[in-house]
Every structure is written in structure tokens, then in C-alpha cells.
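Worksheet: one structure, shown below.
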């Protein structure tokens, strides 16, 4: 009888540990949602859908040595909030090098907004844009 109880205890222990280890195995994961969504000038005129809380990164071709910079001309601040000031990344190390001007926005509420940007010489009085960029943002 004692041997039977020991064997039963052993079988129960093995079964328990087998079940416990199978519960800890990785289940197939669902695709994760990136914290950032990146777009560039090719998104001009398009619609982009992002999830509330995601960061939208907008990279636009720029050459500040010409006096032109990109500026936000329209956006609903209740939907997208600009994070800091835009930064410039040069394509090469030479003086006057072209590159990209990068803007970051965080989606802070569900809704829709049109993000409009203009490429202007900000120091001029009533500057006429040399280029424009517009994208419709849908925040879920």
C-alpha cells in the first residue's frame, strides 16, 4: 500500500509539473504595434491612420542653407501634439548639404486632423511657400 501511495504521489507530481511547464510556454504572439509611425514626403496628400498614444515622425527633404525651413501651418492640437522642435539631419557632411527636417507629434486623442506644413523662408515678410505638405491623420 505504501508503494502504491508513493507511485501515485510521483505520478501526480510529474503530471503537475508537466502541466505547469506547458502553461509557461510562449503562446503565439499577436503582432505588436510600433510606438512610432514614420512618414516622408511620399505621404503628401494621403491619409495615415495611427493609434492614440503613438508618435508620428514626419521627415521632409530640406536644405536650411537656402533659408528655407518647414513649418507647421495647420494641425488640431487636441488630436496631435508637436514634441519639441524639429531637427535637421544632413545627408552629407559638406557645407550647405541637403538632408531632412524631422518633426515628431504624439497622438493625444482620437479624432481626425489635417497636418499641413509649408516650406518657407520664415524671415521674409508674408513668405510664399516654395513647397507644401499635407496629410490627413486619423487617430483611433
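A short reminder: the numbers here are calculations on the coordinates, not readings from a lab. Note that the structure is a prediction, hence the values are computed from the model and not measured. Note that each Cβ is placed from the backbone with ideal geometry, even for glycine, and that neighbours are counted across all protein chains shown.
Estimated from the Cβ-Cβ distance and a Förster radius of 30 angstrom, the FRET efficiency linking residue 134 and residue 51 is about 0.90. Counting only Cα atoms, the size of the range 36-139 along its three principal axes is 41, 31, 23 Å, in decreasing order. The slack between residue 33 and residue 126, meaning 0.36 nm per residue of separation minus the straight C-alpha distance, is 29.3 nm.
Taking every DSSP bridge with both residues inside the range 36-139, close to 75 percent are antiparallel. Listed peptides 112-121, 69-78, 89-98 appear in the order 112-121, 69-78, 89-98 once ranked by packing, highest mean of other Cβ atoms within 10 Å at the front. Relative contact order, whole percent, for the range 36-139 stands at 35, derived from Cα pairs under 8 Å and 6 or more residues apart. Annotation: extensible slack from residue 74 through residue 89 equals 3.1 nm (criterion: 0.36 nm per residue apart, minus Cα-Cα distance).
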